[in-house]
Amino acid sequence: DSASNGFSFKGIKDYLDCYQSGKLTPSQVAKNIIAMLEDCDKSTPPLRAIVQWDQEQIMLMAEASTARYKNKCTLSYLDGIPVCLKEEFKVVPYHHRVGTVYLGTEPETEDATVAKKLREAGAIIIGVSNMHELGTGTTGCNPNRYHRIPRNPYKPNHFTGGSSSGSAAAVASGLCPVAIGTDGGGSVRIPASFCGVVGLKGTFGRISSHGSLPLSYSTVSVGPICTSVADAAIVYSVLAEPDPLYPYGLKQPKATLSDMCAPDLKGLKLGVDWTFFKACDAEVLSICEKAVEHLQSLGASVVEVSLPEMEEVRVAHVICILSEMRDFLQPDFNKHFQEMNLDTRANLALASQFTALDYITANRQRTRSMRFLQEIFTTVNCILTPAVASTAPRIYESDLLTGSSDLSFTVQSIRFMQLANFTGIPGLVVPIGYSTAGLPISFQVMAKWWDEAVLLRIGLKLEQFRYQTKKPSIYYDILA
């Protein structure tokens, strides 16, 4: 990050430098975080990034990490690193509410696989983060009593994006450098884009989602939200491997970071469907076109490709994600309808209109789209798009009381997201600049199945394109 304005996000390396130099211990960092967690929900408006946290739990993990640093027996690069997980994951001892008021009535007694792996790596889990109720929306607007609306650290009167809303807000506000989300229709990548941080959706099955609610089992991938591409690579390397409890990911090639740090992009072919690419706001388009030129200047060649049947993909993805959610949530829909947010009720009611024939036809479209992509990836390494077609929308007074349901915004926000969810390919979003209003704008790279390494390689180069990082208006410097 350029030092022109003196701001850069604190990442994993900054924490490790503090620990290794003795400037701070994980225990001191944990005390700072606890003070910030108390503070950030007293502010006006409250940040609402972390919705459940436990001082005793945080200190236990921090003290264990402090002892490991003292005895020079740390467990991984994540030892002592503060992380949070989306409330969709089971995390001991928190309530597994998944953004609702009615689920998770008792404290959780078992960890999701990703939570377990983070603990084994020595990370400090600072709590669970806010989310759009049941992951059914892309604003992050969740007015119910346990959650409230998380605020965008860049402009608190704007949404974070969703559904992994609190995860992105926690990272962008400095509460933790790493958060874990899930992405069934852009739910990691949209909030990361709106909050100006990095979001990685792995290949379908790459990271275990065992211990999260299987809301839409055929489209959801787990992924990290971080302050930098390098940090996303570190977290990915810790989490990406087969899990006996998660059958979808059992057969996968070994995750590597090969060529990630290559000095340039020579030899890479980047595919752009310009008609599709240009379906976004003028401000977003202008900076994203410049980012493509930047990648070309580093030796990559840009190849025009045609992404076929994108309108069919749009409809088929919605049929799949909503039908699977509706199927899984049928008992809740009957029993807890009155306790759900209004937009959740509307989405699930819409889903009940789909037939078995619709679902089967949508999956036939999936097979077609995967075949098209197989063909495209014989000629290019990656597909480039803007991340989201617009910047984060404004929060209105009425949203605080009744929530928000804006179908045209939902359609627009997931436009560049759906292809990766529907076909299972990986996608990475990297912030590349700001709108005139000061809201983050991001860029997306997608690659063929299991080739996350090439995404990270290009992501590192996209970070160089961003000439400065603006400081969010809500920002906690935990290491100060």
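Values quoted throughout were computed directly from the atomic coordinates according to the rules given, and no laboratory measurement underlies them. Because the structure is a prediction, the values reported are computed rather than measured. Virtual Cβ from ideal backbone geometry, glycine too; neighbours counted across all protein chains shown.
Could you state the number of Å between the C-alpha centres of the range 94-163 and the range 231-275?
25
What percent do you get for the relative contact order of the range 1-106 when only Cα pairs under 8 Å and 6+ apart count?
Values: 74 pairs, mean separation 23.9, N = 106.
Relative contact order for the range 1-106 comes out at 23 percent.
Give me Rg/Rg_expected for the range 288-340, where Rg uses Cα atoms only and Rg_expected = 2.2 N^0.38 Å with N residues. Spell out each step's value before the answer.
Details: Rg = 20.8 Å, N = 53, 2.2 N^0.38 = 9.9 Å.
Rounded to two decimals, the normalised Rg is 2.09.
In square nanometres, what is one fourth of the surface area of the convex hull spanned by the alpha carbons of the range 356-480?
11.8
Kirkwood Rh over Cα pairs of the range 3-465 into Stokes-Einstein at 4 °C, 1.567 mPa s: D in µm²/s?
59
Using 1/(1 + (r/R0)^6) with R0 = 41 angstrom and r between the beta carbons of TYR217 and GLU397, what's the FRET efficiency to the nearest 0.05?
0.65
Enumerate by residue number the trypsin sites (Lys or Arg not before Pro) in the range 134-179 meeting two conditions: DSSP loop (anything except H, G, I, E, B), and at most 16 other Cβ atoms within 10 Å of the site's Cβ.
Working: sites: ARG145, ARG148, ARG151; in loops: ARG145, ARG148, ARG151.
Within the range 134-179, the qualifying trypsin sites (Lys or Arg not before Pro) (loop, at most 16 other Cβ atoms within 10 Å) are ARG145.
Normalising by the residue count of the range 3-465, find the relative contact order in percent from Cα pairs under 8 Å and 6+ residues apart.
Here the relative contact order equals 17 percent.
Of all DSSP beta bridges in the range 3-465, what percent run antiparallel (nearest 5)?
The answer is about 65 percent antiparallel.
What is the magnitude of the charge dipole of the range 3-465 about its Cα centre, with +1 placed on the Cβ of each Lys and Arg, -1 on the Cβ of each Asp and Glu, and no other charges, expressed in debye to the nearest 20?
It works out to roughly 560 debye.
Using only the alpha carbons of the range 274-404, what is the convex hull's orientation-averaged projected area in square nanometres?
So the Cα hull casts an average projection of 10.8 nm².
What are the semi-axes of the equivalent ellipsoid for the range 414-459, taken as the square roots of 5 times the Cα gyration tensor eigenvalues, largest first, in whole Å?
With the √(5λ) rule applied to the range 414-459, the semi-axes are 23, 14, 4 Å.
Would you mind checking LYS42/LYS461; LYS31/LYS461; LYS201/LYS278 for any pair whose Cα atoms are more than 27 angstrom apart?
LYS42/LYS461; LYS31/LYS461
If the limit is 21 Å between Cα atoms, which of LYS290/LYS470; LYS10/LYS266; LYS117/LYS470 go over it?
Table pairs above 21 Å Cα-Cα are LYS10/LYS266; LYS117/LYS470.
Sort the following peptides by mean Cβ neighbour count (other Cβ atoms within 10 Å, averaged over residues), highest first: 153-162, 325-334, 186-195.
My ranking of the peptides, most packed first, is 186-195, 153-162, 325-334.
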